[in-house]
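First comes the structure, then the notes that go with it.
The values are calculated or read from the model by the stated rules, or taken from the named source; none is laboratory data. On a predicted model such as this, the values are computed, not experimentally measured, just so you know. So basically every Cβ, Gly included, is an ideal-geometry build from the backbone, and we count neighbours across all protein chains shown.
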Amino acid sequence: MAKHNWTAADLPDMSRRTVVVTGASSGLGLVTARQLAAAGARVVLAVRDEAKGRGAAATMAGPTDVQQLDLSSLASVRAFEPFARCCPTSPTAWSPSLRRCTSGATSIERT
């Protein structure tokens, strides 16, 4: 059986998908966010430092949002939770396009 090394070229079309990537202002999170954006996803950069996140978002193709999220702070997680559940422009409407939350190499997908 031939061994296949997965690359970003193997990403499917991510158009009409919204992906939350934590730690997206540097390292693996930044690379992940950049590749998902290139594949057509709307990428939400969930970062501790919003200024650094905006700088990272400026280097990406496609629609991006930057939201403050410090996973070590329960108050920050609680403040982010409505954004993750809802459309940013309508806090009472569920966003069916939000299907995947990515943290570094970990990905959680809503089915």
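For the condition at pLDDT below 90 and either assigned to a loop (DSSP other than H, G, I, E, B) or within 13 Å of the chain's Cα centre (by Cα) (or both), what is the one hit in 91, 96, 82?
Numbers: 91 fails: either assigned to a loop (DSSP other than H, G, I, E, B) or within 13 Å of the chain's Cα centre (by Cα) (or both); 82 fails: either assigned to a loop (DSSP other than H, G, I, E, B) or within 13 Å of the chain's Cα centre (by Cα) (or both).
Answer to the check: 96.
Looking at residue 47, is it closer than 22 Å to residue 76 by Cα, of a type in the set (A, V, I, L, M, F, W, C), in contact with a helix residue (DSSP H, G or I) (Cβ under 6 Å, 6 or more places away or on another chain) and in contact (Cβ under 8 Å) with a residue 60 or more places away in the chain? Explain how you work it out, then say what you get.
Details: closer than 22 Å to residue 76 by Cα: yes; of a type in the set (A, V, I, L, M, F, W, C): yes; in contact with a helix residue (DSSP H, G or I) (Cβ under 6 Å, 6 or more places away or on another chain): yes; in contact (Cβ under 8 Å) with a residue 60 or more places away in the chain: no.
Answer is no for this residue.
When you check residue 19 against the structure, is it closer than 14 Å to residue 8 by Cβ and either assigned to a helix (DSSP H, G or I) or modelled with pLDDT of 90 or more (or both), yes or no? Don't jump to the end; show me each part of the working.
Details: closer than 14 Å to residue 8 by Cβ: yes; either assigned to a helix (DSSP H, G or I) or modelled with pLDDT of 90 or more (or both): no.
In short, no.
Within the stretch 32-72, count every residue that is surrounded by fewer than 15 Cβ atoms within 10 Å (Cβ to Cβ), in a helix (DSSP H, G or I) and of a type in the set (A, V, I, L, M).
1
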